[in-house]
1. Is any helix in the chain, taking whole DSSP H runs, at least 15 angstrom long along its axis by alpha carbon and on average at least 0.0 on the Kyte-Doolittle scale, and which ones?
2. If the elastic network links every pair of Cα atoms under 10 Å, which of Asp232, Asp55, Asp128 fluctuates the most in the Gaussian network model of the chain?
3. Give me the percent relative contact order of the chain, please, defined on Cα pairs under 8 angstrom at least 6 residues apart.
4. Suppose every Lys and Arg Cβ carries +1 and every Asp and Glu Cβ carries -1, with no other charges. What dipole size does the chain come out with about its Cα centre, to the nearest 20 debye?
5. Taking the Cβ of Ile334 as the center, what net charge do the other residues with Cβ under 12 Å away carry, scoring Lys and Arg +1 and Asp and Glu -1?
6. Restricting to the chain, what percent of DSSP beta bridges are antiparallel, rounded to 5?
7. State the antiparallel share, in %, of DSSP beta bridges confined to the range 85-192, rounding to the nearest 5.
8. Cα centroids of the range 188-216 and the range 1-44: how far apart, whole angstrom?
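Any read-out appearing in this document is the output of simple, stated calculations on the displayed coordinates, not a laboratory observation. Every value quoted in this text rests on a predicted model; they were computed, and no experiment measured them. Using ideal geometry, Cβ is built from the backbone for each residue, glycine included, and neighbour counts are taken over all protein chains shown.
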Amino acid sequence: MIMDPLLFLPGPTYVPHNVRIAQAKPLVGHRTKHFRSIYRETVDLLKDLMYTENDVFILTSSGTGAVEAMIVNIVNEGDKILVPVFGAFSERLCEIIRIFGGTPIPLRYEYGKGPTYEDVKEAIEKNDDLKAIAIVYNDTSPGVTVRDLPKIAEYSKNEGILVLVDAISIFGGDKLLVDEWKIDVLVAASQKCLASPPGLAFISVSNDAWNVIKSTKKRAYYFDLEKYRQFDRKNETPFTPAISLLYALNESIKTIMDIGYSEWIRNHEKRANIIYEELHKMGAEPFVEKDFRSNTIISFAPPKGIKPSYVVDIMASKYNVYLARGMGPLSEKIVRVGNMGYIGIREIRLLIELLSEVMGISKSR
Ligand SMILES: Cc1ncc(COP(=O)(O)O)c(C=O)c1O
């Protein structure tokens, strides 16, 4: 392969050159002054991006590790957790809660729709002994964003219910204010909208969450968050961190800050608008209802008679451009375009041109 592949995947996403080469810096010991300074700086940068004063930890794992850490540290045997289910990743949340002995209370939606404030409020009213709500802010499998998250979180907190959020495929690509929205635990990962290589996950923990964690039965060793807090106070991690990935993450966040974080987020929205508009012109309709459409994952059904697998396969084999099919029951229903991270208008224009060619759309439309 001579040319770099063009990634429009739901992760991993394109990693800019300066971020890739940051990984080649010489390794240092993780109990040294040098490490401590890069660790502190990177955690503080993550806090800035999350708009939080809460503790934030960097885990050496993909996003699922942080989801598991969130659940194992919060959920005791028999705890009832409300989970709006509207895609594969919210299904997974239920599965992880079950594995750790909790009882997920699913609030189910047809794929393509998502939870509203009114639905969640009603579900909370009906279930009086909920410990938490666990919610995926942006379920990557249908491409659904929960726009009511701030209202949902505020209501839940007022009811004394912890708010646990999987923001893996949206952190860095859309609005997310951890403290203002009163999110107790937030999980995210490196390989999505931050344009960094895969391998790191992030977790923020509020004071209310710490009060609960104190009384949760210990069943994790590697993901015991109290250990991370203890080591964080020395600017260290409890176990050997992925130092090279930390260099890359540090570089990628600084690149985002140079561009301007608001600008970076706005670019995701601008690109999403262009893609939705152009797909509409091609007769490829968005899969998700308007109010729930994601800016970071654009899912669409190709025009009649064209299979998603055909579109994805031809884009990859002929043009070295990578898109994704739907997951599970959506695999032959939709194509997903990852609109995350460092993508220019040039790449968007190329994507549109190639998609219209592959789907056989005539220029005269
Ligand atoms: C919303 C969401 N949650 C969890 C995950 C799992 O993350 P990972 O594959 O990094 O473990 C993903 C991955 O795409 C995701 O999009």
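1. TM-like helix candidates: 63-74, 88-99, 243-259, 308-319, 345-358.
2. It is Asp128.
3. The value is 25 percent.
4. On the way: 46 positive and 46 negative charges, 185 e Å.
Dipole of the chain, to the nearest 20 debye: 880 debye.
5. For residues surrounding Ile334, the net value is +2.
6. 50 percent
7. Counting only bridges with both partners in the range 85-192, antiparallel ones make up about 15 percent.
8. 18 Å
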